[in-house]
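Take a look at the structure set out below.
The values are calculated or read from the model by the stated rules, or taken from the named source; none is laboratory data. Source: prediction; values computed, not measured. We place every Cβ from the backbone using ideal geometry, glycine too, and count neighbours over all the protein chains shown.
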Amino acid sequence: MHKRTANVNRIKVIAASNSAIVGIGDVTYSSPVSNIIAVQKEGNVFINEENKYDFNKYPVFSRSPAEHHDHPIRVQEDTTHHVPAIGVNKVDVYGVASSSIFQVGSLGHIDAEARLKHIRILKDEQK
């Protein structure tokens, strides 16, 4: 496949976090991985126990990843580029997070994984 140049006048990214990638240029391979335990507490609930939220306690972090192919799936493709470059005036991105990628340029292969355990602690459950 013939590659084209991407001409971008302005890129504004507000936030990138949790294994997120903001990439400019061509990339052969990328594999962002993110394991997150998010704890949301209602009111003034304080827990002082050390290692209360250990990744080993939650099966989501030890399960095998979803089935994927060890080799790329070949797709027959015929593309006609009418111009040698892609022109974009501006790109505004509010957030890139949890193993996601904002890429300007080509990306040959991606193998991303994000695992999240969300825990909510309510006042009524603390009694």
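A compact table of results
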read-out	value
Wholly within region 17-71, strands (runs of 3 or more DSSP E) carrying at least 3 residues that are modelled with pLDDT under 85 and exposed (fewer than 14 other Cβ atoms within 10 Å of the Cβ)	none
Tally of residues being touching a strand residue (DSSP E or B) at 6+ places or on another chain (Cβ under 8 Å) and farther than 24 Å from Ile11 by Cα across region 64-103	2
Hits in region 22-44 - residues which are more than 27 Å from Lys123 (Cα to Cα), out of contact with any Asp or Glu (no Cβ under 6 Å at 6 or more places or on another chain) and of a type in the set (S, T, N, Q)	Thr28, Ser30, Ser34
Strands (runs of 3 or more DSSP E) enclosed by region 77-127 - at least 2 residues per element that are more than 17 Å from the chain's Cα centre (by Cα)	85-93, 113-121
Every pair of residues 6+ apart whose Cβ atoms lie under 7 Å, when the first sits in region 27-40 and is farther than 11 Å from Arg115 by Cα and of a type in the set (S, T, N, Q) while the second is surrounded by 16 or more Cβ atoms within 10 Å (Cβ to Cβ) and modelled with pLDDT of 90 or more	Ser30/Ile21; Ser30/Ile101
